[in-house]
Amino acid sequence: MKFYDCSTAPSPRRVRIFIAEKNIDVETIEVNLMKGEHLTPEYKAKNPNLEVPLLELENGTTIAQANAICRYLEDIKPENPLHGRDSIESALVDGANTKIMLDGFMAAAEAFRNSTPGMKNRAMPGPHNYSQIPELAQRGLLRLDNFLAGLEIHFESNEYMVNDYFSVADISALVCIDFAKWVKKTIPEDYENLNRWYKTVSTRPSCKL
Ligand SMILES: N[C@@H](CCC(=O)N[C@@H](CS)C(=O)NCC(=O)O)C(=O)O
């Protein structure tokens, strides 16, 4: 298997941490987004969405989308489950993960991509060019404030995103919080519960990747 990664980008980091947690052997290929290596005809043939992460299997199948890649990896290596230990937990993890992506990750992406000068015509990833909408950047920042406030409330009475164990939802939340720093949004100091969780998960060896 080949994992198309970009060491500086948040979406492939979710997969990188997942791979490390599961201790799966994959060949990693670095795709330098800054140099536009994802826009080449060779990469487009593998992923018409022009995004990382991407997983290429031995039989040539290519799997795009971080969530789909993590699901596949969980299926081929179920030990140390990260998508839930039973059906109910699996549904709870899926729900939490989706919410993080919609409320946190998309908000950070909105804020970053609509305000960064180098992304003037690249306000969305993918094959189409979209111009920036400054109001979306402002709304993204506001949504991030609410996202962090919601997590602080969640961790008042929860050890992890779901139940008492580290799941793929914790990976997504951690990566999202680190992504938010790109637009200068950090966890407020007085958010004791969120800071406690963040410290716990970010000291895992996988999360240092
Ligand atoms: N929904 C996709 C999002 C992937 C994505 O946004 N990747 C970014 C890097 S974090 C990318 O490839 N950007 C290329 C670009 O900006 O042109 C996933 O979860 O895999």
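Annotation note: Cβ proximity below 9 Å between a residue of segment 114-130 that is without any contact (Cβ under 8 Å) to a residue 24 or more places away in the chain and within 17 Å of Pro48 (Cα to Cα) and a residue that is polar (S, T, N, Q) and near the ligand (Cβ under 10 Å from one of its atoms) (sequence gap 6+ or interchain) occurs for Arg122/Asn129.
Of the numbered criteria (1) in a loop (DSSP other than H, G, I, E, B); (2) near the ligand (Cβ under 10 Å from one of its atoms); (3) surrounded by fewer than 14 Cβ atoms within 10 Å (Cβ to Cβ), the one Ala68 fails is (1). Report yes if Ile17 is within 17 Å of the chain's Cα centre (by Cα), under 20 Å from Ser206 (Cβ atoms) and among the β-branched types (Val, Ile, Thr), otherwise no. When the stated conditions are applied, Ile17 passes them.
Looking across segment 41-65 at every residue that is farther than 18 Å from Met119 by Cα and among the β-branched types (Val, Ile, Thr), the one that is nearest to the ligand (Cβ to nearest atom) is identified as Ile63. Within the set Met124, Met101, Met106, the sole residue that is in a loop (DSSP other than H, G, I, E, B), aliphatic (A, V, I, L, M), surrounded by 13 or more Cβ atoms within 10 Å (Cβ to Cβ) and in the same structural domain as Asp164 (by TED's automatic domain parsing) turns out to be Met124. Criterion applied to Asn67, Asn129, Asn114 was being under 15 Å from the mean Cα position of the chain (by Cα) and either closer than 30 Å to Glu27 by Cβ or of a type outside the set (D, E, K, R) (or both), and the one residue passing it is Asn67. A search for C-beta distances below 6 Å between a residue of segment 52-69 that is free of Cβ contacts under 8 Å to residues at least 24 places away in the same chain and any residue that is within 12 Å of the ligand (Cβ to nearest atom) and not basic (Lys, Arg), counting only pairs 6+ apart in sequence or on different chains, returns Thr62/Leu54; Ile63/Leu55; Ile63/Ile69; Ala64/Asn47; Ala64/Asn49; Ala64/Leu54.
The values are calculated or read from the model by the stated rules, or taken from the named source; none is laboratory data. Here the structure is a predicted model, which is why all the values come from computation and not from measurement. Note that each Cβ is placed from the backbone with ideal geometry, even for glycine, and that neighbours are counted across all protein chains shown.
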